[in-house]
Structure formats: structure tokens, C-alpha cells
């Protein structure tokens, strides 16, 4: 437990930030999952549409420093490659 008023405030803020970060990370994972599902469905147009929607969500997490830029690049690259490979 926090010993000082400032430590108490810091703990409270950390919990708020953690909840926000978890929500944003969940939003990103859901967006990636939607693209993966669309790819599995075989509809290239739908896959591209969901990919276009997922990219800003992924980039937002990089700007907020919730995920590393290389992780974001890897996600986008792998999804784009899978979409390109579709017939």
C-alpha cells in the first residue's frame, strides 16, 4: 500500500493508465483478428477493407507507446503479405 499522498496518487494513476492500455491493446488484437478472419473467409475485398481499418488502430498504439513500432510493422507486414497471397 502507498505510504505517502503522492505515492497514493501515482498508484491510482497507474491503475487508470493500465486499464486504458489494456482496452487499447484489446482493440488492436480484435482488429487483427477481424483481418485474419476475413482472410480465412477467402474474400479479398473484405480482407483489404478490414486491413485498412486495422492499420490506424495499430498505428495509434505505436504513437501512444503501448506497443513497439517493430511489433506494429510486423503485424501490418504479415497481414498485408497474407492478403497479397490470396487469389
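The values are calculated or read from the model by the stated rules, or taken from the named source; none is laboratory data. Just so it is clear, the structure is predicted and the values come from calculations on it, not from any experiment. Cβ coordinates were reconstructed from backbone atoms using ideal geometry, including for glycine residues, and neighbour counts include every protein chain displayed.
Before moving on, here are some points about what is shown:
- Tabulated pairs, region 24-43, first surrounded by fewer than 18 Cβ atoms within 10 Å (Cβ to Cβ), second at pLDDT below 95 and assigned to a loop (DSSP other than H, G, I, E, B), C-beta under 9 angstrom, 6+ apart or interchain: 42/86; 42/87; 43/86
- Test: residue 49 is surrounded by fewer than 18 Cβ atoms within 10 Å (Cβ to Cβ) and either touching a helix residue (DSSP H, G or I) at 6+ places or on another chain (Cβ under 6 Å) or at pLDDT 95 or above (or both): yes
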